[in-house]
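Beneath this line is the structure, given in structure tokens, with notes to follow.
Each value in this text was obtained by applying a stated rule to the coordinates, not by laboratory testing. From a predicted model like this one, the values you see are computed outputs, not experimental measurements. Reconstructed Cβ throughout: ideal geometry from the backbone, glycine too, with neighbour counts over all protein chains shown.
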Amino acid sequence: MPSAALVHPPRWLTCAQLHPAPPALQRDWLFDQRSLTRRLTELSNGRFSVLPLQQGWQVLRNDECSSLQVPQGSQGWVREVFLRGAGEAWVFARSVAARQALEGSGLDLGKLGSRSLGELLFSDRAFARGELEVCRYPSAWLPAEVRDERLWGRRSCFRRDGLGVLVAEVFLPTFWDHAGQ
């Protein structure tokens, strides 16, 4: 039986569409246009790291295909990682790019290893970041060890020429424990 998230995908909303708005602290992190990697590095006093979970070619989810403007069922490169601060998983990140746009783009996402994709995207001035959207991220889409209902996630698409890289970031409870200090 398909999960509820697959039957009823989340509604990704812009800041203007989001009512009621989350508290100021959450709004600040969800809609900040700066590099999340840099902010997490600052918050963790330099104790930031990336823990790769999985990567490879997969069929993209329908909401991802729609955002990347490719046909439903398209294949793409999927990379899932934990962004860690002070030794704890603070953010689950899922980045995807459609195969036909990625091949021949000169961007090899398979060689990132434990480096931050965000740092790469923000350092390449050719990438333009689209509008941030947020939702309550479906728990079925999270790794089992951090599965939780009603976690805030955000996503935006970075575009360069014909390539789109969709980056989704889900803020885990361990993150909010540190962000409020």
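Shown here: percent of Cα pairs over 29 Å apart, derived from the displayed model; of the candidates [x] 23; [y] 16; [z] 30, it corresponds to [y]. Looking at segment 7-94, the trypsin sites (Lys or Arg not before Pro) that sit in a DSSP loop and have at most 10 other Cβ atoms within 10 Å of their own Cβ are ARG34.
Connecting C-alpha atoms closer than 10 Å in a GNM of the chain, tell me which of GLY104, GLY153, GLY130 has the biggest fluctuation. With Cα springs under 10 Å in the chain, the top fluctuation among GLY104, GLY153, GLY130 is at GLY104.
Any idea how far the Cα center of segment 13-60 sits from the one of segment 116-152, in Å? Their Cα centres are 6 Å away from one another. For the options VAL170, VAL78, VAL146, a Gaussian network treatment of the chain with springs between C-alpha atoms closer than 10 Å singles out VAL146 as fluctuating the most. Computed about its Cα centre, the charge dipole of the chain is approximately 160 debye, with only Lys, Arg, Asp and Glu carrying charge at their Cβ.
Among the chymotrypsin sites (Phe, Trp or Tyr not before Pro) within segment 93-148, not one is in coil by DSSP while having at most 15 neighbouring Cβ atoms inside 10 Å. Mind checking which of GLN17, GLN26, GLN100 has the largest fluctuation in a GNM of the chain, springs on alpha carbons under 10 Å? Maximum among the listed residues: GLN17. For segment 76-140, the list of GluC sites (Glu not before Pro) that fall in a loop by DSSP and count at most 16 other C-beta atoms within 10 angstrom reads GLU103, GLU131. The ranking of LEU151, LEU53 by Cβ neighbour count inside 10 Å, starting from the fewest, reads LEU53, LEU151.
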